[in-house]
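The structure appears right after this line, and notes come after that.
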Amino acid sequence: MTPALIRGVVDSPVGPVAFASVYLESAPAPVPDVAAMTDEDGGFVLAGVGPGRYRIGVNAPGYDPRHVEFVLGVDDLFLRVRVQ
């Protein structure tokens, strides 16, 4: 079985946030460093993770850091993270 992907977008009150860091802070089991940088449209993909409860962190220049907890199943997941 192929691991699910965590896809998403980071946005702000004024639109998509490019070049934000998105990274796993906690996982149900030890995982290698899993991180991504958002593209020009605020999009990101985190790959190589299995089902379970996760917490991601988002750091974007000029915005407060964000932390999002979620449960990943066997299907890909889409997250929208709003920074302020």
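Here are the numbers for this structure:
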{"item": "Considering residues of region 33-51 that are at pLDDT 95 or above and farther than 15 Å from residue 23 by Cβ only, the residue least open to solvent (accessible area, probe 1.4 Å)", "result": "42"}
{"item": "Elements of type strands (runs of 3 or more DSSP E) in the chain, at least 1 residues being in contact (Cβ under 8 Å) with a residue 60 or more places away in the chain", "result": "4-12, 66-72, 77-82"}
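The values are calculated or read from the model by the stated rules, or taken from the named source; none is laboratory data. None of the values given here were measured: they were computed from a predicted structure. Ideal geometry is used to build each Cβ from the backbone, glycine not excepted, and the neighbour counts take in all protein chains shown. Surface areas here come from the heavy atoms of the whole protein model, side chains and all, with no ligands, DNA or RNA. Shrake-Rupley method; radii C 1.70, N 1.55, O 1.52, S 1.80 Å.
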